[in-house]
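The structure under discussion appears below in the form of structure tokens.
The values are calculated or read from the model by the stated rules, or taken from the named source; none is laboratory data. Bear in mind that the values here come from a model prediction, so they are computed numbers and not experimental data. Note that each Cβ is placed from the backbone with ideal geometry, even for glycine, and that neighbours are counted across all protein chains shown.
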Amino acid sequence: MSEQTIEVTAREATGKNVNRRLRASGYIPAVVYGGGKESVAIQVEKRVIHDLLRQEGGEHAVFLLQLSGTDKSRHTMVRDMDIDPITRQIIHIDFQRVLLTEKVRVSVGIELEGLAEGVKNEGGVLDFITREVEIESLPGDIPPKLTLDVSNLNIGDHLEAKDLELPDTATLMEEQERVIVAVAHSRVSDVVEEAEAEADEELLLEAEDEEPEVIGRGKEQEEAEETE
């Protein structure tokens, strides 16, 4: 199970100015909610949370928040993050309380493996249609990603959500027939084929419009035949 312990501190004061000073000192304002309890304002060290979220599956990791100076702790997951559009830094985090014995619903990204046969040897293109799916899983069993092997796909083939391999404790919350990836003819090939077909059709029409050549006998030949 992906679980990390983070020491957090309760936030007594709130507001834009307070949060601005908090971020300047290396902390991120956050809130913990859910689990049938009131929301609690906290602050987390920016460096620590950045390092943990960079790890594989960090966005779905279970964090054990330890309240500084107390024996209080609670399992949580990151449910939302506000990102500054200019600096791309995290400016606020929402943690949701979770129970390790109760399933949660999350979206998990899909990663493709291999080179499709239709792309490698048939001139096709790979269309990655659905890049993440929603699943329901125990918090500790959420996979960091789902992989799908496309090596055997020919032009015209596709893979659906039901082809994804999920952990035994996870349930797919999407339609089983939802298309994940497909191999199709490349647009360039289609254009070339259409152009060739149009050219052949034009040649055929030109041939039909031409008048047949009539080969007649010359006048001198006709007169010679009459005097015989």
Members of the stretch 45-95 found to be loosely packed, with under 12 Cβ neighbours inside 10 Å and closer than 15 Å to residue 144 by Cα, listed by number: 54, 56
Selected residue (criterion: nearest to residue 120 (Cα to Cα)) from residues of the stretch 161-195 that are among the charged types (D, E, K, R) and at pLDDT 85 or above: 163
Hey, residue 101 over 27 Å from residue 159 (Cβ atoms), part of a loop (DSSP other than H, G, I, E, B) and either polar (S, T, N, Q) or touching an Asp or Glu at 6+ places or on another chain (Cβ under 7 Å) (or both) or not: yes
Hey, residue 15 surrounded by 12 or more Cβ atoms within 10 Å (Cβ to Cβ) and at positive phi or not: no
Single residue of 81, 77 found to be under 26 Å from residue 168 (Cβ atoms), part of a strand (DSSP E or B) and either among the aliphatic types (A, V, I, L, M) or out of contact with any His (no Cβ under 6 Å at 6 or more places or on another chain) (or both): 77
Some residue of the stretch 125-144 being of a type in the set (S, T, N, Q) and in a strand (DSSP E or B): yes
Among the residues listed as 126, 112, the single one being surrounded by 12 or more Cβ atoms within 10 Å (Cβ to Cβ), in contact with a helix residue (DSSP H, G or I) (Cβ under 7 Å, 6 or more places away or on another chain) and not assigned by TED's automatic domain parsing to the domain that holds residue 27: 126
